[in-house]
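Inspection log for the structure reproduced underneath, given as structure tokens.
The values are calculated or read from the model by the stated rules, or taken from the named source; none is laboratory data. Please read all numbers here as calculations on a predicted model, not as lab measurements. Note that each Cβ is placed from the backbone with ideal geometry, even for glycine, and that neighbours are counted across all protein chains shown.
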Amino acid sequence: MNTNMLQTPITYLKGVGPNRAETLQSELGIATYQDLINLFPNRYIDRTQYYKITHLQRSNADVQVIGKIIHIKTVEQKRGKRLVATFIDETGDMELVWFRGQKWIRENLKLNTPYVVFGRCNWYNGKFSMPHPDMELLADHEKGLKIAMQPVYPSTEKLSNKGITNRVINKMMQQLFLESNGQFSETLSDKILFELQLLSKSESLFNIHFPKNQELLAKAQFRLKFEELFYIQLQLISKKLLRKQKIKGFNFNQVGELFNTFYRDHLPFELTNAQKRVIKEIRADLGSNAQMNRLLQGDVGSGKTIVALMIMLLAIDNGFQACLMAPTEILAQQHYNGIKELLESTGVTCELLTGSVKKSARTPIHEQLENGELHILIGTHAVLEDKVQFKNLGLAIVDEQHRFGVAQRSKLWHKNEVPPHILVMTATPIPRTLAMSLYGDLDISVIDELPPGRKPIKTVHRYDSNRLKVFRFIKDEIKKERQIYVVYPLIQESEALDYKDLMDGYESIVRDFPLPDYQISIVHGKMKPADKDYEMERFVKGETNIMIATTVIEVGVNVPNASVMIIESAERFGLSQLHQLRGRVGRGADQSYCILMTSHKLSSEAKTRLETMVRTNDGFEIAEVDLKLRGPGDLMGTQQSGILNLKIADIVKDNDILKTARHYAIQTLKNDPNLEQPNNLIVRHTYNQLVKHKNIWTYIS
Ligand code: ADP
Ligand code: MG
């Protein structure tokens, strides 16, 4: 079957009518033959194994049992009837249960006749029970072909309610192989097939759906995973090459007066080696005639801001304007304050533009941007408004990128005819594996070194019952003139309750830390921006001792004198969020602490998160654990989770295959950038088909 025929709508497959087609489409996104053939099993079960009822385990696994039904009854429940059959073998008894189709089953099941039942076994009311088992008469079962490894396809409640069981999907797959004679066009080049000793496409598809044995299954999986990752990498890398070739960038060819003077006279500290290296990498991009599209990764507190500032100075040195965009008002404000201070007596002009800047103040900013008087604009997504027009924007820096939507990023891009250079800064350490597949078309720089003199933050886990001890500790720290953060979770689904927790917490802290000895700030999302800023300001200036907040302070806020971070209900936070929060302290030279407060009730996953936090300060290590716990989709936030909807490969587990795929994608494009050589025609054809039918996710420009 060639790639065109594979585009046949699934309704044309024998056994799939319009009804089933609709369910397949809505539940599994299957519209064509191709989609069906690419529905890969989640796992395989061994149907050569039979269990005795006494040997069943309470592990909810799929099992296969031989026995017979000796009794059937209908049980009335509040929530409806169910049909219950007593099923026995020579070792014991169990129940088979049906909630749907009871009449049919009652009429068709034979009593006292040997059956093979197969399904997931639950422990329920002191008995094993198997809801909606797959049933086959033992006599038929013995005649039939016994598949050693039976595929288990993804399923949903709606699918099984509509009768599209695993067995039905299996039948459909058989039908598809029948119609295609099991022949599918090859999609990788001979060279790759030969060098990696891969199974052909047809063999792979056959063995993924009907594995002949373990070894062939493994080979089929390898080939299909490789193929999936190869075409993603091919897309990412060709985009990158295309950008470098075709998208001209402004050439910042000189390191000018501003940069040099700043470096010599205004830099408040010696740059770390990592900062110097990263600035060099960026400078190389800026002088290369191609548009820069670079991701700057650096753990919280690694000093990304100063790098951003120096790069902006380079832009100005070359006659361009620069823009720095932050995800929250508070962060934008803080960047503005910090940068403004550093720019004092340099003659560089800098303004802040956020949602709360008044109209009267905006107009002059708009004017100065258009006539070029304004060099640097710092702001929130307010800078993306159409009214904001630059005279010559040469560089756009985006802080903490995963909070911005992809669309917003590309909007920045289109503010000019020639796109500005783009630097995306993120404090969320992205494991290298993931970065490779997510940002394969971006260049990556890493600040992997913290400024000197920082003491590692001490992290402990305390139960709520120890709160008084924790309060005593806070008092001691305040005596030493340190400041304290207390952070509460705020999750949309439980917003009302979370606000209540926050306010309760606030009251109890106010009771234990009374005026006038203690000053307390509170910041949360329901406050007006102006009030938030006011409270934040008081804390930044050291006028208050304790800052009580929801996660609004998660990103970027910088108060070097704050030395204690208390995270309430820490079990409810994700690992990367905990790490981000912890990064708010440990910014000065003092010993800093992070205290994770929880109740006694902890899930095992929560325990792992807490233990990881206590064990290490290393953002990359934490990101790896996070990735393992949550999977890549979650890690990047819902916005980008679609990107990682891989059909068969697993970004974490298939790291080695990913590297191989990347290597081959690079080699292929290096030798034949337009995929014109005869040997690569297959690759080009497949690639074009994938793009055309959107089977490769469309990636950010
Ligand atoms: P982040 O990477 O989290 O944005 P910042 O840029 O806010 O980090 O820097 C954190 C703190 O470290 C700031 O107070 C900054 O002034 C300071 N800092 C940055 N680089 C250095 C350095 N090379 N030496 C000493 N302090 C530094
Ligand atoms: Mg920052």
Return yes or no: is I247 away from ligand 2 (no atom under 16 Å from the Cβ), surrounded by fewer than 17 Cβ atoms within 10 Å (Cβ to Cβ) and among the β-branched types (V, I, T)? yes
Considering the range 326-358, residues that are part of a helix (DSSP H, G or I) and of a type in the set (G, A, S), and then whichever is nearest to ligand 1 (Cβ to nearest atom), we arrive at G338
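Out of the residues in the range 443-481 that are in a loop (DSSP other than H, G, I, E, B) and among the hydrophobic types (A, V, I, L, M, F, W, C), which is modelled with the lowest pLDDT?
Our first condition is that a residue be in a loop (DSSP other than H, G, I, E, B); within the range 443-481, this holds for 448-457, 480-481.
Still in the list and also among the hydrophobic types (A, V, I, L, M, F, W, C): 450, 457.
Values: L450: 86, I457: 94.
Step by step, filter the range 443-481, then rank; the result is L450.
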Could you check, for the range 512-533, whether at least one of its residues is within 16 Å of ligand 1 (Cβ to nearest atom), assigned by TED's automatic domain parsing to the domain that holds V585, assigned to a loop (DSSP other than H, G, I, E, B) and loosely packed, with under 15 Cβ neighbours inside 10 Å? no
Any chance R584 is among the basic types (K, R) and within 16 Å of ligand 1 (Cβ to nearest atom): yes
Taking N253 as meeting all but one of (1) away from ligand 1 (no atom under 16 Å from the Cβ); (2) assigned to a helix (DSSP H, G or I); (3) over 29 Å from N38 (Cβ atoms), write down the number of the exception. (2)
M597 fails exactly one of (1) more than 29 Å from the chain's Cα centre (by Cα); (2) modelled with pLDDT of 85 or more; (3) away from ligand 2 (no atom under 16 Å from the Cβ), namely (1)
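Answer with yes or no whether R223 is under 15 Å from A396 (Cα atoms) and either more than 16 Å from ligand 1 (Cβ to nearest atom) or touching a residue at least 12 places away in the same chain (Cβ under 8 Å) (or both). Full working, then the answer.
On the way: under 15 Å from A396 (Cα atoms): no; either more than 16 Å from ligand 1 (Cβ to nearest atom) or touching a residue at least 12 places away in the same chain (Cβ under 8 Å) (or both): yes.
Spelling it out, it is not the case that R223 is under 15 Å from A396 (Cα atoms) and either more than 16 Å from ligand 1 (Cβ to nearest atom) or touching a residue at least 12 places away in the same chain (Cβ under 8 Å) (or both).
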Conditions (1) surrounded by fewer than 24 Cβ atoms within 10 Å (Cβ to Cβ); (2) in a helix (DSSP H, G or I); (3) within 15 Å of ligand 2 (Cβ to nearest atom) -> M312 fails only (1)
Inside the range 117-147, can you point out the residues that are of a type in the set (A, V, I, L, M, F, W, C) and either at positive phi or buried (at least 16 other Cβ atoms within 10 Å of the Cβ) (or both)? V117, F118, C121, F128, M130, M135, I147
Within the range 184-202, residues being assigned to a helix (DSSP H, G or I) and in contact with a helix residue (DSSP H, G or I) (Cβ under 7 Å, 6 or more places away or on another chain) number 3
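If I go through the range 54-107 residue by residue, how many of them are polar (S, T, N, Q), part of a loop (DSSP other than H, G, I, E, B) and within 16 Å of N122 (Cβ to Cβ)? Even if it seems obvious, please write down each step before you answer.
Taking the range 54-107 and keeping what is polar (S, T, N, Q), we get 54, 57, 59-60, 64, 74, 77, 86, 91, 102.
With part of a loop (DSSP other than H, G, I, E, B) added as a condition, the list becomes 57, 59-60, 91.
Among the residues that remain, those that are also within 16 Å of N122 (Cβ to Cβ) are: 57, 59-60.
Summing the residues that are polar (S, T, N, Q), part of a loop (DSSP other than H, G, I, E, B) and within 16 Å of N122 (Cβ to Cβ) in the range 54-107 gives 3.
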Of everything in the range 98-121, what is touching a residue at least 24 places away in the same chain (Cβ under 8 Å) and over 39 Å from the mean Cα position of the chain (by Cα)? Give them in sequence order. Q102, R106, L109, K110, L111, N112, T113, P114, Y115, V116, V117
When the range 534-564 is checked residue by residue, the ones that are part of a strand (DSSP E or B) and more than 16 Å from ligand 2 (Cβ to nearest atom) are I546, M547, I548, A549, S563, V564
Return yes or no: is Y124 more than 30 Å from D35 (Cβ to Cβ) and either modelled with pLDDT under 85 or within 42 Å of the chain's Cα centre (by Cα) (or both)? yes
So the check is Cβ under 6 Å with 6+ separation or different chains; which pairs have a first residue in the range 336-358 that's within 21 Å of T261 (Cβ to Cβ) and a second one that's modelled with pLDDT under 95 and part of a loop (DSSP other than H, G, I, E, B)? C350/L343
Residues that are in contact with a Pro (Cβ under 7 Å, 6 or more places away or on another chain), under 20 Å from V470 (Cβ atoms) and of a type outside the set (S, T, Y): does the range 603-614 have at least one? no
Which residues, taken from the range 31-73, are surrounded by 13 or more Cβ atoms within 10 Å (Cβ to Cβ), in the same structural domain as Y124 (by TED's automatic domain parsing) and among the polar types (S, T, N, Q)? Q64
Residue in the range 429-442 that is within 15 Å of ligand 1 (Cβ to nearest atom), modelled with pLDDT under 90 and under 20 Å from the mean Cα position of the chain (by Cα) present: yes
Hey, any hits in the range 231-241 for a residue that's surrounded by fewer than 18 Cβ atoms within 10 Å (Cβ to Cβ) and within 25 Å of G119 (Cβ to Cβ)? no
Report yes if I622 is within 16 Å of ligand 1 (Cβ to nearest atom) and either under 24 Å from V398 (Cβ atoms) or in a helix (DSSP H, G or I) (or both), otherwise no. yes
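Given R587, R572, which one is within 16 Å of ligand 2 (Cβ to nearest atom) and among the charged types (D, E, K, R)? Don't jump to the end; show me each part of the working.
Working: R572 fails: within 16 Å of ligand 2 (Cβ to nearest atom).
It is R587.
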